[in-house]
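Everything on this sheet refers to the single structure shown next.
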Amino acid sequence: MDDLEVIAPQEGKQELAINIDADVILLAGSAGSAKSFTLLMRILRYIDDPHFDAVFLRRTMPQIKGQGGMWDNAKDLYNKFDATCLDSKMQATFESGCKATFKSMELEKDKLNFQGLQFTAILFDELTHFSETQFTYLMSRLRSKSKTSSFLMASMNPDSPDHWVVKWVKPFLDEDGYFNEEMAGKILYFVTIEGLPVFADSRKKLEDQFPHMVWLENPRTGEKEYVAPKSFTVVGSTIFDNPILIKQNPNYLAELQSLPEIDRARLLHGNWYIRPEGSNNFERSWLTKLDKIPSGVSVRAWDKASSEPSDVERFPDFTASIKMIKTTEGRFCIIGDFCSENQEADGLYKGRFRKRAGERDSIILKQTQWDGKTCKVILPVDVGAAGKTEYLHSAKQLVTKGFVVRPDPMPTNKSKIVKYSPFSSACQAGLVDIVESTFPDEQTLEMFYVENEAFSGERSTRTRKDDWPDTCATGFNYLNESEVIPSFTLPSFKQSNPFDFIK
């Protein structure tokens, strides 16, 4: 018995990750934290369950089949538990019938290869290599005959702060982007709204706040069906949670320490928020927070879109707006102040929506009426005859009701970063204020900040939008060209003839 090999997780983060139960479990570890091996070990909990069926996913096949890749490591581990490992299928089958299959999903459309299939466990290795729609689509494949509750588990290294994965790990990070150790393994619950996860520490809170997401009407019976929010957790780790590796290969730690600053922060220390120096165009700390709205010239700038979410495009751009004031002192102030209609019906955030042109223009009118006639409306003008016609049509609807409408002073064919740079410079110079209390809730304010902080000048994508940055640039550029005339009171004259003072 002296040569008996003991296979067990290391105490601490690895042991926690293997034994914790939730619908979705993310291993947000940095390099050398044994994330991939932890995924492989997780399956050993279920090898006596004949109905347990797991699929491991890497983005490309070479990442699975290559020398020392995931399949090689799986065979080394699972053969010790008398599994039959078939290279032709890349499938390990244990004596009970428990199976683990290894597949790739290189192209976006490859997710459809899983249509109609069902699994007890889906395990992504390096989730940041996959698209968000691949991740969410595979989540719908979680069901089986197993006595084990189906779950999704994924490993990943920290990536760019603009990566779609960040919104999933964010509740478990501190303000600097490092894993919050007090959150390790804490169970949260979530529903998905507008493609974004909304978290709470109990299902009851989500039921109360978003009843339409957890109670769905059965069209056949008319009864309400309960859809439970999914449970979720993140276990963050670094190479320091893997002392066996440090002991066996101390040079690896030295290699991580010698990386450039950005890579070292991500791959050694696990930072999700760090950006290359000089790439930031906006930081919320640049703004001065005010308690009340200052006086001055006010505008509401719009960025318009005209599509609703559909099967063809699930994440179209938003129609968004922001109010901005220029004071007599030459300062600029950002205001939310959205009317109740300025949101999607089931939306999480206020001040933006995705509607077709007719309903969009109706909401713009209601917001304009809410702002009042002292607030000018600034609308974009797309290049070309069609863009001018669209502007004139939209402007006419407001002008005929007594509102002042002006075109965006910068053409839409200009580079987005060129358009945004004056606003960015003013923020960095400390010339821009914000009244946070004019935003209707914390999540709307946070998303406003996040969109601006993520703005790079590139066109928006499914996961990174630039609608609010565009409105900030539009409002600032118009006001920056405007003169603010101080308010004053006309003198009163007591002469019986109002022109007597000329004598």
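The values are calculated or read from the model by the stated rules, or taken from the named source; none is laboratory data. Note that this is a predicted model, so its numbers are computed, not measured. We place every Cβ from the backbone using ideal geometry, glycine too, and count neighbours over all the protein chains shown. For accessibility, only protein heavy atoms count, side chains too; no ligands or nucleic acids. Shrake-Rupley method; radii C 1.70, N 1.55, O 1.52, S 1.80 Å.
When you scan the stretch 334-345, do you find a residue that is open to solvent by 10 Å² or more (accessible area, probe 1.4 Å), part of a strand (DSSP E or B), within 21 Å of residue 432 (Cβ to Cβ) and charged (D, E, K, R), even just one? No, that holds for no residue.
As a summary of the residue check, residue 127 satisfies the conditions (1) of a type outside the set (Ser, Thr, Tyr); (2) closer than 24 Å to residue 72 by Cα; (3) more than 18 Å from the chain's Cα centre (by Cα); (4) open to solvent by less than 40 Å² (accessible area, probe 1.4 Å) except for the one numbered (3). Count of the stretch 101-126 residues, restricted to those that are of a type in the set (A, V, I, L, M) and farther than 18 Å from residue 62 by Cα, is 4. Taken together, the residues in the stretch 177-207 that are in a helix (DSSP H, G or I) and either surrounded by 15 or more Cβ atoms within 10 Å (Cβ to Cβ) or in contact with a His (Cβ under 8 Å, 6 or more places away or on another chain) (or both) amount to 4.
Might you check whether a residue that is under 19 Å from residue 195 (Cβ atoms), in a helix (DSSP H, G or I) and out of contact with any helix residue (DSSP H, G or I) (no Cβ under 7 Å at 6 or more places or on another chain) occurs anywhere in the stretch 145-160? For the stretch 145-160, residues under 19 Å from residue 195 (Cβ atoms), in a helix (DSSP H, G or I) and out of contact with any helix residue (DSSP H, G or I) (no Cβ under 7 Å at 6 or more places or on another chain): absent. Within the stretch 375-383, is there a residue that is closer than 25 Å to residue 441 by Cβ, open to solvent by less than 50 Å² (accessible area, probe 1.4 Å) and assigned to a loop (DSSP other than H, G, I, E, B)? Within the stretch 375-383, none of the residues are closer than 25 Å to residue 441 by Cβ, open to solvent by less than 50 Å² (accessible area, probe 1.4 Å) and assigned to a loop (DSSP other than H, G, I, E, B).
Given the structure, is residue 35 touching a residue at least 60 places away in the same chain (Cβ under 8 Å) and surrounded by fewer than 13 Cβ atoms within 10 Å (Cβ to Cβ)?
Against the criterion (touching a residue at least 60 places away in the same chain (Cβ under 8 Å) and surrounded by fewer than 13 Cβ atoms within 10 Å (Cβ to Cβ)), residue 35 does not qualify.
The one condition from (1) surrounded by 21 or more Cβ atoms within 10 Å (Cβ to Cβ); (2) in contact with a Pro (Cβ under 9 Å, 6 or more places away or on another chain) that residue 97 does not meet is (1).
For the stretch 149-163, the count of residues that are closer than 17 Å to residue 465 by Cβ, in contact (Cβ under 8 Å) with a residue 40 or more places away in the chain and hydroxyl-bearing (Ser, Thr, Tyr) is nonzero. Cβ-Cβ contacts under 7 Å between residues 6 or more apart (or on different chains), taken from a first residue in the stretch 285-312 that is on the phi > 0 side of the Ramachandran plot to a second residue that is among the polar types (S, T, N, Q), are listed as 296/327; 296/328. The residues listed here are 287, 253, 259, 268; of these, the one that is closer than 30 Å to residue 193 by Cα, open to solvent by less than 70 Å² (accessible area, probe 1.4 Å) and either of a type outside the set (Ser, Thr, Tyr) or modelled with pLDDT under 90 (or both) is 287.
Among strands (runs of 3 or more DSSP E) lying entirely in the stretch 51-120, which contain 1 or more residues that are of a type in the set (Lys, Arg)?
By residue number, 53-58, 99-104.
Test of understanding: among 79, 113, 73, which residue is without any contact (Cβ under 8 Å) to a residue 24 or more places away in the chain, of a type in the set (S, T, N, Q) and within 24 Å of residue 26 (Cβ to Cβ)? Write out each step before concluding.
Working: 79 fails: within 24 Å of residue 26 (Cβ to Cβ); 73 fails: without any contact (Cβ under 8 Å) to a residue 24 or more places away in the chain.
Only one candidate qualifies: 113.
Scanning the stretch 125-144 for residues that are out of contact with any helix residue (DSSP H, G or I) (no Cβ under 7 Å at 6 or more places or on another chain), over 16 Å from residue 54 (Cβ atoms) and of a type in the set (Gly, Ala, Ser) returns a single hit, 140. Each residue in the stretch 355-397 was checked for being of a type in the set (Val, Ile, Thr), within 19 Å of residue 474 (Cβ to Cβ) and out of contact with any strand residue (DSSP E or B) (no Cβ under 8 Å at 6 or more places or on another chain), and 1 of them qualify.
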